[in-house]
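These notes concern the structure reproduced below.
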Amino acid sequence: MSRRTMIVKLLSASRALFGAVADYSGWRGVRAGALVAGGAILDGAGLLLLVPILGVVVEGGNGRVGRMLAGFGLETPVAQLGLLVAVFVALGMLRAVVQFARDMALARLQTGFIEAERVRAVAALARAPWSSVAAMRHARITNLVTTEIQRLGTASFFMVQGIVSVAMLVIQLGIAISLAPALAGAAIALLGLGAILFVSAQGRVHDLGKGMVRAGQALMASTASFLAGLKTAAAQNEQAGFVDEFASIQREIRGRQLDFQARQAGGRRSFAILSSLLGGMVVLIGYGWLAVPPAVLITLVLIFARMSGPALQLYQSGQNFVFALPAFESVRALEAELLAAGQKDTVAPVPPPPGPIVLSGVRYLHPGGRGLRSASLTIAPGEFVGIAGPSGVGKTTMVDLIVGLLDPQQGTLTVGGVPLDPARRAGWADAIAYVSQEGFLFHDTLRRNLAWGNSADEAEMAAALALTGADGLVARMEQGLDTVVGERGAMLSGGERQRIGLARALLRRPRLLVLDEAANAIDAAGEAALLDRLKALDPRPTILMISHREESLAWCDRVIRVADGVAAG
Ligand SMILES: Nc1ncnc2c1ncn2[C@@H]1O[C@H](COP(=O)(O)OP(=O)(O)OP(=O)(O)O)[C@@H](O)[C@H]1O
């Protein structure tokens, strides 16, 4: 990429981040901006006041300032100094108060901005169609929503720091110009040179930042697969492979961080050299060549010394900003991807009328062309329907269409005689309990796991556990429902996990219960007893059960057999 293209890209990304912060801040941003300007002006006013103070100190009461103050009745240098110092202290105190308010306002904006960005990204994720989320790498999403949004907060912080530094520098330069235009001109030229050098080095910093995003995602993915495969790895003594991969990503991250730190440290070194040169130049040229009066000369030296703080901060903020900018670009790219896939409307849910589920010529093919080619069937309310067929013929795809996770690409799907518009789709989802083969337990107590997605009380929980045959398990546990089940229910057996997942589903009192190989880890006798109790439920929800076991399918009222993407019944 040419330097020009790189600068244009950086500027447009910075403008986008600036726009996002401004959109979020609104009037609070204007207030914070006013506080930034106020802090800088008060700082400058304090500096400017040094001229008369030093004037009185150096020239006694006989200088221009002394004579002017004598006109107001302050005859002695001590009285004159007393007044000037009192004003100086008052200004200093006011500056401290304004800068405190400024820092708090900026901190509130920054933390609020991070929170808003995180909610925005998660909302876009929650409203994206399932098909697009299913294709995404989870590590990418987790990394963006946690680490990268935090880095985006850092970028916005450094952007604001940069603005504060610019405000301070402008005021300080303004004062320097008013005191000694030629010297200030030289300082501006030096700053301009620094800015050119700075911008030309930012392409590499931006690349480093992009690399950090990639490495962060790789680290997250490696950790996730390490944890997911830990048991298998431990059983096969394969942990070393995971550790090696982890270590190599860590090395990459460390390398980038060191590279960035070297750039920051190099910048500080150049600044230290440049500011000593500038200080020496001011004294020599000001005293020897331009014959600047001593009070003005000392004030100028103080101003230039003071300027090195904001100038260094501007340099470092700029570098940190560019380093963190790719985080903003990645978060917005994820959002754009989710938005492009279409967002579900947030509407008040309307339950579809009672009646059958009817599929007529429904088709859904996944990317790659596999899926459900055609399904035409009717399922009556309360029916217990088995769905069978070899692996990969489209059973899960059909069920995902029925529950509304996927939209038919062709054909129609109605519930109670009406097609699923967004409001009815939301109402339909409220009436569904879905149990997948893997189940879904989180690292918490049984009680909290059972209470997810329903408002059941303890008695209802006990009844559901009895129905799914998990009551004995809970009775055996020392802490009963308060037992923590481990990550994804790791402290339970596969069959126990499935029984708990089923109990939770029943607690929703669903209109449609979907069991996608949801009891395949339970022993045959246990499953038979469970299906018998499910079949006897009164009132009974419509039950769709995908299963590969013929003895399980024998409990169903009827079985729809899917073959090569085609289903009828
Ligand atoms: N998100 C996806 N992207 C691409 N292809 C997919 C996707 N989901 C499923 N498929 C493909 O679509 C076909 C049908 O998948 P589906 O999960 O519906 O099969 P299934 O009958 O439920 O299989 P199983 O009995 O093994 O669970 C498979 O060949 C599968 O590889």
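The values are calculated or read from the model by the stated rules, or taken from the named source; none is laboratory data. What you see is a predicted model, and the numbers here were worked out from it, not measured in a lab. Cβ atoms come from the backbone with ideal geometry, glycine included; neighbour counts cover every protein chain shown.
The figures follow:
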{"quantity": "Within the stretch 57-78, considering residues that are surrounded by fewer than 15 Cβ atoms within 10 Å (Cβ to Cβ) and assigned to a helix (DSSP H, G or I), the one modelled with the highest pLDDT", "calculated": "Val78"}
{"quantity": "Test set (1) over 32 Å from the mean Cα position of the chain (by Cα); (2) part of a loop (DSSP other than H, G, I, E, B); (3) touching a residue at least 40 places away in the same chain (Cβ under 8 Å); (4) at negative phi - Phe440 fails condition number", "calculated": "(1)"}
{"quantity": "Residue match in the stretch 353-362 (condition: within 14 Å of the ligand (Cβ to nearest atom) and modelled with pLDDT of 90 or more)", "calculated": "yes"}
{"quantity": "Filter result for Pro390 (more than 8 Å from the ligand (Cβ to nearest atom) and more than 18 Å from Gly361 (Cα to Cα))", "calculated": "no"}
{"quantity": "Single residue of Leu10, Leu17, Leu54 found to be surrounded by 15 or more Cβ atoms within 10 Å (Cβ to Cβ), assigned to a helix (DSSP H, G or I) and assigned by TED's automatic domain parsing to the domain that holds Gln99", "calculated": "Leu54"}
{"quantity": "Number of the condition not met by Tyr434 [criteria: (1) within 16 Å of the ligand (Cβ to nearest atom); (2) at pLDDT 85 or above; (3) not in a strand (DSSP E or B)]", "calculated": "(3)"}
{"quantity": "Every pair of residues 6+ apart whose Cβ atoms lie under 9 Å, when the first sits in the stretch 391-414 and is touching a residue at least 60 places away in the same chain (Cβ under 8 Å) and under 14 Å from Pro129 (Cα atoms) while the second is acidic (Asp, Glu) and near the ligand (Cβ under 9 Å from one of its atoms)", "calculated": "Leu406/Asp400"}
{"quantity": "Breaking point among (1) at pLDDT below 80; (2) over 41 Å from the mean Cα position of the chain (by Cα), for Thr299", "calculated": "(1)"}
{"quantity": "Residue selected from the stretch 366-378 under the condition within 9 Å of Gly565 (Cα to Cα) and of a type outside the set (Lys, Arg), by the criterion surrounded by the fewest Cβ atoms within 10 Å (Cβ to Cβ)", "calculated": "Ser374"}
{"quantity": "From the options Ala40, Ala45, residue that is of a type in the set (Gly, Ala, Ser), in a helix (DSSP H, G or I) and surrounded by fewer than 18 Cβ atoms within 10 Å (Cβ to Cβ)", "calculated": "Ala45"}
{"quantity": "Criterion: of a type in the set (A, V, I, L, M) and under 30 Å from Phe158 (Cβ atoms) - qualifying residue of Val358, Val331, Val415", "calculated": "Val331"}
{"quantity": "Qualifying residue in the stretch 93-107 (condition: exposed (fewer than 15 other Cβ atoms within 10 Å of the Cβ), within 25 Å of Arg15 (Cβ to Cβ) and of a type outside the set (Asp, Glu))", "calculated": "yes"}
{"quantity": "Selection count, the stretch 104-139, where residues are within 16 Å of the ligand (Cβ to nearest atom) and part of a helix (DSSP H, G or I)", "calculated": "6"}
{"quantity": "Scope the stretch 363-385; condition within 13 Å of the ligand (Cβ to nearest atom) and outside any loop (DSSP other than H, G, I, E, B); matching residues", "calculated": "Arg363, Tyr364, Leu365, Gly371, Leu372, Arg373, Ala375"}
{"quantity": "In the stretch 465-506, the residues that are of a type in the set (A, V, I, L, M) and closer than 18 Å to Asp532 by Cα", "calculated": "Leu465, Ala466, Leu467, Ala470, Ile500, Leu502, Ala503, Ala505, Leu506"}
{"quantity": "Count of residues meeting criterion [in a helix (DSSP H, G or I) and within 29 Å of the chain's Cα centre (by Cα)] in the stretch 451-463", "calculated": "1"}
{"quantity": "Counted residues, the stretch 398-407 - those being near the ligand (Cβ under 9 Å from one of its atoms) and surrounded by fewer than 23 Cβ atoms within 10 Å (Cβ to Cβ)", "calculated": "2"}
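Here's the yes/no breakdown for (1) β-branched (Val, Ile, Thr); (2) in contact (Cβ under 8 Å) with a residue 12 or more places away in the chain; (3) not in a helix (DSSP H, G or I):
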| residue | (1), (2), (3) |
| --- | --- |
| Ile175 | yes, yes, no |
| Leu190 | no, yes, no |
| Ile196 | yes, no, no |
| Gln217 | no, yes, no |
| Thr223 | yes, yes, no |
| Ala240 | no, no, no |
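Here's the yes/no breakdown for (1) surrounded by 15 or more Cβ atoms within 10 Å (Cβ to Cβ); (2) under 16 Å from the mean Cα position of the chain (by Cα); (3) outside the structural domain of Gly39 (by TED's automatic domain parsing):
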| position | (1), (2), (3) |
| --- | --- |
| Thr111 | no, yes, no |
| Val119 | no, yes, no |
| Ala135 | no, no, no |
| Ile141 | yes, yes, no |
| Val145 | yes, yes, no |
| Thr154 | yes, yes, no |
| Val160 | yes, no, no |
